[in-house]
Structure formats: C-alpha cells, structure tokens
Amino acid sequence: MHIHILGICGTFMGGVAQLARAAGHRVTGCDANVYPPMSTQLEAAGIGLVEGYDAGQVSLAPDLYLVGNAISRGNPLLEEILDRGLPYASGPQWLADNVLRGKWVLAVAGTHGKTTTTAMLAWILEYAGLAPGFLVGGVPEDFDRSARWSDSAFFVIEADEYDTAFSDKRSKFVHYRPRTAVLNNLEFDHADIFQDLAAIETQFHHLVRTLPRSGLIVANGGEESLERVLKRGAWTPVEWFNRSGGWTAGEPDAQGRFAVRLGGQELGSTALSLPGAHNRANALAAVAAARHAGVPPKVAIEALEAFRGVKRRMELRGTAGGVAVYDDFAHHPTAIAATLAALRQKVGRAPVIAVLEPRSNTMKLGVMKDRLAGSLADADRVYCYGANLGWDARAALASLGEKAEVFDDIEGIVRAVRDTARPGDQVLVMSNGGFGGIHGKLLAALAG
C-alpha cells in the first residue's frame, strides 16, 4: 500500500511514517517545513518528502492519506482530498488498526515527562529481552530512533492528550486501548484546544474507561487531578507511585544513587543519567509498568542505570570557552522549574544562564505568563525571546529585576550570552521548537 502523510515531520506522524515503512508499505509525506532531525530519520528510512501542501500532490495517487493534527480545514491538499472523496484517516486511528491491534500496549500519559518515561519503559523491556515496538515523541539515545516496528507482543507508546485530527477532536490516546497505562501527572496545558483543567481530566477519564479489568493503571499519588479522574470511575487495578505505601524513591546519595521501594520494602538502588526528582518519579512509573508486563523489578532497576536518556531532555549540546550549553524541551512553567532544579542539583553552585523561548500555544496565549517568573527563580540570569507573543514578556519577568532580559531577536540573545558567560557557567536553552538553531550559534559565539 502507498501511504501519503500530511504533517509528516511532527514527532508523532514521523513515528507513524517509520512504523508504516517498516511494516512494508510505501510511504511518502509532506510538511510545511522539512528539516532535521525528523527529515533525516525519514529519508534514512527511504521515505520521500515534499515541502508544502500543494493540491497537486494528489497526482501521487496513494492508496490512503494520513492526516496529522496540525492540518486544518483550508489546507489546499486537505481540501482537494475532501473534494475528490479520496480515502483518508488520522494517524492514531491507523496506528490502532494496523500496529497496536493484538499487542499488549503500554501507554504513558501525562502533562510532563511522557517522552522520558516512555523511553525508559521501552529501554527496560529491551534490556529484559522483550524487544518491544515503540513510538516515542522524541529520540531515545538508546535506540537512536523515535519509533520501531517489532514482532514482539509488547508495544510502548507515548500517549498524548492533544487532539487526533481535524475530523476527530478526541485525545489521541483514546485510540490506543492500552493494557498498562501510566498517568504521570496532569496540569492545565494546550489552552488552544482545552477550556480548562476539567476538560483535560474528562479526556483522561475517557482513557481510563478503555482499560480492561486485567490491566493496570500506574498513577502519580502526588496529583489531586489524577485522584479526581480515578474517582469518576476506574475498572482496573491502580498502583500509586510518589505515595506512602506505593512506589517511592529514596533521596539520592552523593553519587546520585537512590533506593526504589514498594510498600516500604527496598527492591534495589540505581542511578540515572538524568538528574532531578521528576526523573526519579518517571523511573518509578517505568519500573511499575514494566513489572506488569513481567519484568522483575530487580531487572528494571538494573536497566535504569544503563539508560542514556532522550535527545532534547537535558542534552549537553557542547562546551565552548569552558561554558556548557544544554538543550531541553521544557516549555510549561512546571517543567521549566523542574528542569532548572535538576540542573542545579547536577552542577551545584555553578552559575546557570536560562535561555527561554515561550513557544507553545499555551505560552503564546499568555495563560501561564504570571507563573513564568517564579519558574525561573533557580537561574542566575534569564534571557527570554519575546517576539511573536500576544503579551508583554518584559512585564511578566519584571519581578526578576536586572537578572532577566527580553530580546526580540535571537542574535541579541547570542551576543548577551557571549558577553556575560564565563568559564564554568551552564547555559540551559529551553524551547519546544528549533529556536532558530540557537544552540549552534551560542557554541560558535562562545568558541570565538
């Protein structure tokens, strides 16, 4: 079958493309911007790419079009598909029908930490010899790809609450029908499609309703929102982490090792390549989910010590002039604060320069602007990219005083870092996009 994918360079649709290609289909696709790293992965998989959405692409005559959720009515190619009555489906629906059916699906949901926890869980199953298929919303260092087709009975998937497609406004994850579900946390986000937190809780409740009695829900015991979701009805056993009597993590020692406990009983200890309390919580969730799939906790704990992390999650992009430059996907105030706290744990009292692009739809709408300054408290200096916002970033960060500056151009941020950074400083770049290639520009400027 020939499948043509609209919005193919998104992390999810790019993963679907790789799975379809590995399953033996001919795959092509298009996107508004075809650029690395996803374009490189796709081309390496033998997937042909077209830039733009011109209606003439119907001449490719595929058997099926898969439409990503970034594609809206008015898109010229989508309109041509609809006018001609050509066959189309959403990525999640195709995935459910052609990849996940008959599999033991382990799905990882939550506002934060989905990508890291999904990668951890896939790695634990790999380490245990189960060779799972997976789809991760990032690139795990242990696999160097975001998706893998496998004959294994197990499939690990990052379960996003964002909408499915222009024609299906349910959350993606309701299509996956998992047997094991991780509910990592739940906060308000995606203000462009959800009115409030209660609306997102309803989608999580829909996910919970799809789990079988023989399944397992692994839920964060520190989240009142998840308590509310489960009180609306759960027909599946629940194991809690971050809660006394459930899965808990001890405080790390000087070498970063921490104990993993269940019901107060220590099952082993491990150290992670990713620092921070949020990553220890991610690890607990992954161990609990893996146990449900038959992996002994001792094996899972061993696997975590070998886990190498995920690109764009506290990823060291390089060091120049004695200054380290990290890249992280953090874009929500909670994630920004947790990432800065983790870096502070890692580097101690070394100066930390935060470079931030408020790029997500939620941040652009200004819903979280009043929480932004507080989330950056752990940074010694803050440089924020303030262009293309519907609110005043300077006013939002005014409480940080002279330690925060807002720029309307990336080059200005690069110059400021070059002029103020000293050997031993740590630069943490946070954005859920490419940020104009600022990481390379910073390293070049610091080297010069």
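At a glance:
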{"read-out": "Sparsely packed chymotrypsin sites (Phe, Trp or Tyr not before Pro) within segment 218-301, loop by DSSP, other Cβ within 10 Å at most 14", "value": "235"}
{"read-out": "Calculated FRET efficiency for the pair residue 370/residue 234, C-beta based, R₀ 35 Å, to 0.05", "value": "0.55"}
{"read-out": "Hydrodynamic radius (Kirkwood) for segment 70-182, which is based on Cα pairs only, to one decimal in Å", "value": "15.0 Å"}
{"read-out": "nm² value of the averaged projected area, convex hull over the Cα atoms of segment 138-262", "value": "10.4 nm²"}
{"read-out": "Protein-only accessible surface order, largest first, of 121, 130 at 1.4 Å", "value": "130, 121"}
{"read-out": "Residues whose placed amide H lies under 5 Å from that of residue 317, excluding near-sequence neighbours", "value": "325, 326, 327"}
{"read-out": "Karplus-derived HN-Hα couplings along segment 355-364 (A = 6.51, B = -1.76, C = 1.60, θ = phi - 60°), whole Hz, x at Gly and Pro", "value": "10, 10, 10, x, 10, 4, 4, 4, 5, 4"}
{"read-out": "Trypsin sites (Lys or Arg not before Pro) restricted to segment 1-105 and DSSP loop, no more than 13 other C-beta within 10 Å", "value": "73, 101"}
{"read-out": "Listed residue (285, 98, 6) projecting farthest to the positive dipole end of the chain, Cβ model", "value": "285"}
{"read-out": "Share antiparallel - DSSP beta bridges, the chain, percent rounded to 5", "value": "25 percent"}
{"read-out": "Most mobile listed residue (366, 401, 386) in the chain, GNM with C-alpha springs under 10 Å", "value": "401"}
{"read-out": "Segment 337-448: C-alpha gyration tensor shape, a/c 1.5 cut-off, then a/b vs b/c", "value": "oblate"}
{"read-out": "At q = 0.18, 0.19, 0.25 Å⁻¹, base-10 log of I(q)/I(0) for segment 219-293 (Debye sum, equal scatterers on each alpha carbon)", "value": "-0.72, -0.79, -1.21"}
{"read-out": "Calculated [θ] (222 nm, deg cm²/dmol) that DSSP helices of n ≥ 4 give over the chain, each run adding -39,500 (n - 2.57)", "value": "-9500 deg cm²/dmol"}
{"read-out": "Dipole magnitude of the chain, debye to nearest 20 (Cβ charges: Lys/Arg +1, Asp/Glu -1, about Cα centre)", "value": "980 debye"}
{"read-out": "Separation between Cα centres of segment 412-433 and segment 258-312, rounded to whole Å", "value": "32 Å"}
{"read-out": "³J(HN,Hα) computed for each position of segment 333-346 - Karplus, 6.51 cos²θ - 1.76 cosθ + 1.60, integer Hz, glycine/proline x", "value": "x, 4, 5, 4, 4, 5, 5, 5, 5, 5, 5, 4, 4, 6"}
{"read-out": "Amide H partners (placed H, <5 Å) of residue 113, local residues excluded", "value": "none"}
{"read-out": "Per-selection Kirkwood Rh - segment 15-85 (Cα, Å, 1 d.p.)", "value": "12.9 Å"}
{"read-out": "Electrostatic dipole magnitude of segment 129-259 [Cβ: Lys, Arg +1; Asp, Glu -1; Cα centre; debye, to 20]", "value": "720 debye"}
{"read-out": "Under the Debye formula (equal points on every Cα, no solvent term), log10 I(q)/I(0) of segment 77-135 at q = 0.18, 0.27 Å⁻¹", "value": "-0.76, -1.14"}
{"read-out": "Size of segment 1-140 as Cα extents on the principal axes (Å, biggest first)", "value": "48, 30, 29"}
{"read-out": "Rounded to whole Hz, the Karplus (6.51, -1.76, 1.60) HN-Hα couplings of segment 168-185, x for glycine and proline", "value": "8, 8, 6, 5, 3, 5, 5, 7, 8, 6, x, 9, 10, 10, 9, 10, 6, 5"}
{"read-out": "Residue with peak Gaussian network fluctuation, the chain [Cα springs, cutoff 10 Å], from 279, 184, 220", "value": "279"}
{"read-out": "Inter-part distance where segment 93-128 and segment 183-239 are each reduced to a Cα centre, Å", "value": "17 Å"}
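The values are calculated or read from the model by the stated rules, or taken from the named source; none is laboratory data. Being a predicted model, the structure only gives us computed values, none of them experimental. With ideal geometry, Cβ positions are generated from the backbone for all residues, glycine too; neighbour counts draw on all protein chains shown. Quick note on the areas: whole protein, heavy atoms, side chains included, nothing else; ligands and nucleic acids left out. Shrake-Rupley method; radii C 1.70, N 1.55, O 1.52, S 1.80 Å.
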